[in-house]
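This report refers to the structure that appears directly beneath it.
The values are calculated or read from the model by the stated rules, or taken from the named source; none is laboratory data. Just so we're clear, the structure is a prediction, and the values are computed from it rather than from any experiment. Glycine also receives a Cβ, built like all others from the backbone with ideal geometry; neighbour counts cover every protein chain displayed.
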Amino acid sequence: MTPPEDALHTLDVPQRLLLGPGPSTVPPRVYRAMIAPVVGHLDPAFVAVMDSIQALLRYLFQTENALTLPISGTGSAAMEAAVVNVVEPGDDVLVCINGYFGQRIAAMARRYGANVQTIERPWGEVFTGDEVAAALERRPAKVVAVVHGETSTGAAQPIPPIAKAAHDFGALLLVDAVASLGGVPVLVDEWGIDVCYSGSQKCLSCPPGASPITLRPRAVQKLEQRQTPVTSWYLDLLLLREYWGAPHKYHHTAPISTMYALYEGLRLVAEEGLEARWARHEDAARLLWQGLAELGMPPHVAEEHRLVSLTTPRLPGGIDEAAVRRRLLLEYNVEIAGGLGELAGKVWRIGLMGYSARRENVLLLLAALRALL
Ligand SMILES: Cc1ncc(COP(=O)(O)O)c(C=O)c1O
């Protein structure tokens with residue numbers, strides 16, 4: 001057999017400005033980190049990087065949690081790790097669904113044998129603590145799961161009232177912070193989140209593939225007391241703990257270059273400082289919201305519940321939204337995304353995440369939209 005001629009073209013991808021729901025634009029320093037030499041996954045030099053990654057993740061999550069590490073995989077792998085570790089077959093799990101990613105958590109929990117009950121809100125709205133408490137009153141659950149930043153709707157779920165309700169009923173709280181961590185406050189210890197996970201390619205502006213997760217001691221205790229082994233060997237956090245911490249026992253070959261990238265991305269977060277980073281994201285988002293309103297495309301979500309890192313402008317009638325996005329990509333090199341699920345065709349999804357969250361990017365996008373519309 002000979003290699004197919006037409007598959008041999010040079011790798012040729014453009015440099016885009018990524019203003020969709022992720023990945024976001026990767027900063028040069030992160031690219032540079034990825035060309036550091038690949039060493040063994042148990043090399044002392046790599047173990048030192050692992051230790052630093054964990055320390056910086058604790059800062060990022062604002063937690064003292066010992067069990068804090070990156071999962072080798074994308075945000076969905078971290079979601080799956082969160083679910084499969086704390087859920088045993090037959091466990092009651094309450095999932096709050098107000099968008100696409102809440103649905104995904106429920107689907108995963110069902111696959112792992114949980115008795116899933118759901119409460120729902122219209123896409124773009126958020127839950128109150130009372131709604132969660134009422135659901136737990138009707139039927140207790142061992143785990144409550146909620147999405148902090150719903151990338152499908154642009155809504156930001158206030159976490160402390162949900163944490164209170166879950167804890168009042170003795171449940172663990174699992175929070176998806178894939179679209180929010182590093183861009184808006186996620187205060188794991190202060191808010192009382194028991195299991196929190198994220199991704200690398202959104203507000204951290206790293207390539208996809210290394211997804212932070214952290215567990216409070218009471219969640220770790222649940223793991224240690226499981227009656228059944230974790231259904232996924234690859235995502236078993238007690239096994240991963242032995243690789244990421246002493247005795248650094250081989251579990252799987254970590255994606256070394258992806259971890260270098262995460263390390264550099266976390267260094268950038270620490271150098272900027274979380275407060276300054278949150279302020280930068282908010283500043284860019286406010287400029288975007290104002291510009292979109294002037295264009296006749298107000299954000300879908302009420303201002304008090306808007307996710308700073310992801311905005312969903314309502315589309316004016318009569319435009320071919322896919323054609324506008326295509327021209328934006330091909331003529332301006334700017335990526336934004338269409339709506340997902342029940343908001344498809346009704347909104348766009350504009351991400352201002354990590355390195356992409358800058359005023360100059362907002363001004364460029366607004367100017368391009370003005371020209372195209
Ligand atoms: C809120 C949320 N959760 C989970 C995921 C899944 O992450 P990934 O696509 O990296 O697997 C995403 C991705 O967009 C997300 O936005």
| note | Taking region 172-196 and keeping residues small (G, A, S) and crowded, with 24+ Cβ neighbours inside 10 Å leaves A177, A179, S180, G182, G183
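Answer yes or no: is there a residue in region 288-300 that is over 23 Å from L187 (Cα atoms), of a type in the set (D, E) and in contact with a Phe, Trp or Tyr (Cβ under 8 Å, 6 or more places away or on another chain).
Keep residues of region 288-300 that are over 23 Å from L187 (Cα atoms), which gives 288-300.
Narrowing the set further to residues that are of a type in the set (D, E) leaves 294.
Subsequent filtering for residues that are in contact with a Phe, Trp or Tyr (Cβ under 8 Å, 6 or more places away or on another chain) retains none.
No.
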| note | Taking region 236-289 and keeping residues of a type in the set (V, I, T) and either modelled with pLDDT under 95 or within 16 Å of R358 (Cβ to Cβ) (or both) leaves V269
| query | What residue, among those in region 38-77 that are within 16 Å of the ligand (Cβ to nearest atom) and in a loop (DSSP other than H, G, I, E, B), is nearest to K202 (Cα to Cα)? | reply | T74
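Only residues that are among the hydroxyl-bearing types (S, T, Y) and more than 17 Å from the chain's Cα centre (by Cα): list them for region 49-62, please.
Of everything in region 49-62, just one residue is among the hydroxyl-bearing types (S, T, Y) and more than 17 Å from the chain's Cα centre (by Cα), namely S52.
Of T253, T311, which residue is under 22 Å from A337 (Cα atoms) and among the β-branched types (V, I, T)? Walk me through it before giving the result.
Numbers: T253 fails: under 22 Å from A337 (Cα atoms).
On inspection, the qualifying residue turns out to be T311.
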| task | Please state which one of G209, G199 is buried (at least 24 other Cβ atoms within 10 Å of the Cβ) and either away from the ligand (no atom under 12 Å from the Cβ) or modelled with pLDDT of 95 or more (or both). | result | G199
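Quick check, is E294 on the phi < 0 side of the Ramachandran plot, surrounded by fewer than 18 Cβ atoms within 10 Å (Cβ to Cβ) and over 20 Å from the mean Cα position of the chain (by Cα)? Break it down stepwise before answering.
Values: on the phi < 0 side of the Ramachandran plot: yes; surrounded by fewer than 18 Cβ atoms within 10 Å (Cβ to Cβ): yes; over 20 Å from the mean Cα position of the chain (by Cα): yes.
Yes: the conditions hold for E294.
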| Can T253 be described as touching a residue at least 24 places away in the same chain (Cβ under 8 Å), in a loop (DSSP other than H, G, I, E, B) and of a type in the set (S, T, N, Q)? | yes
| note | The number of residues in region 314-353 that are in a helix (DSSP H, G or I) and within 25 Å of E303 (Cα to Cα) is 5
